[in-house]
Amino acid sequence: IERTLSIIKPDATKRNLTGKINAKFEDAGLRIVAQKRIQLTVDQAGQFYAVHKERPFFGELTEFMASGPVVVQVLEGEGAVLKNREVMGATNPADAAPGTVRAEFAESVGENSVHGSDAPETAAEEIAFFFSGLELVG
Ligand code: GTP
Ligand code: MG
């Protein structure tokens, strides 16, 4: 059974949207098998988003991710990576399908409420970035 790494971003934790977003995951059949609320430093956010280092928005992205608490979580289910991305909706909320997290809650392409791994291989790396095996309770 597949797992994916999800992050509820600072714009969403600030607005008390963790429960509403988790309800969308659970309604879609994704099980939250690990979850913790943490505050990243800009440096840690940069390590997590290292693939975007050369992008023009890297500084803005890492400052934003360190601007408040995030909820990092592991979601489990059949085809969890793709299923989660469907529930999240498109990166830019203006393009996100109705009913998705980003359509309902995201404020802009930068402050877009959630992160989700983009493939099973990156999911494994991203899960290991935040969680030890002991913290994963299937
Ligand atoms: P993630 O699940 O967060 O990885 O989103 P994604 O896969 O839909 O988007 P992508 O990996 O292309 O970009 C990673 C993150 O960078 C996005 O979720 C946004 O928060 C941010 N981002 C992407 N494009 C822009 C942009 O043009 N401006 C700003 N400020 N942030 C951006
Ligand atoms: Mg991405």
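The values are calculated or read from the model by the stated rules, or taken from the named source; none is laboratory data. In this text the structure is predicted, and so the values were computed from the model without any measurement. Surface accessibility is based on the protein's heavy atoms, side chains included, excluding ligands, DNA and RNA. Shrake-Rupley method; radii C 1.70, N 1.55, O 1.52, S 1.80 Å.
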Checklist entry - Once amide H atoms are built 1.01 Å from N in the peptide plane, which residues 5 or more positions from A96, or in another chain, come under 5 Å H to H? => result A90
Checklist outcome for this item: Cα extents of the chain along the principal axes, largest first, in whole Å, come to 36, 34, 26
Item to check | Sulfur and carbon atoms: percent of accessible area, the chain [1.4 Å] | outcome: 51
Item to check | HN-Hα J in Hz across segment 115-130 - Karplus 6.51, -1.76, 1.60, θ = phi - 60°, x for Gly and Pro | outcome: 10, x, 4, 9, 6, x, 5, 5, 4, 4, 5, 5, 5, 5, 4, 10
Checklist entry - Under a 1.4 Å probe, what is the accessible area of the chain per residue, stated in Å²? => result 51
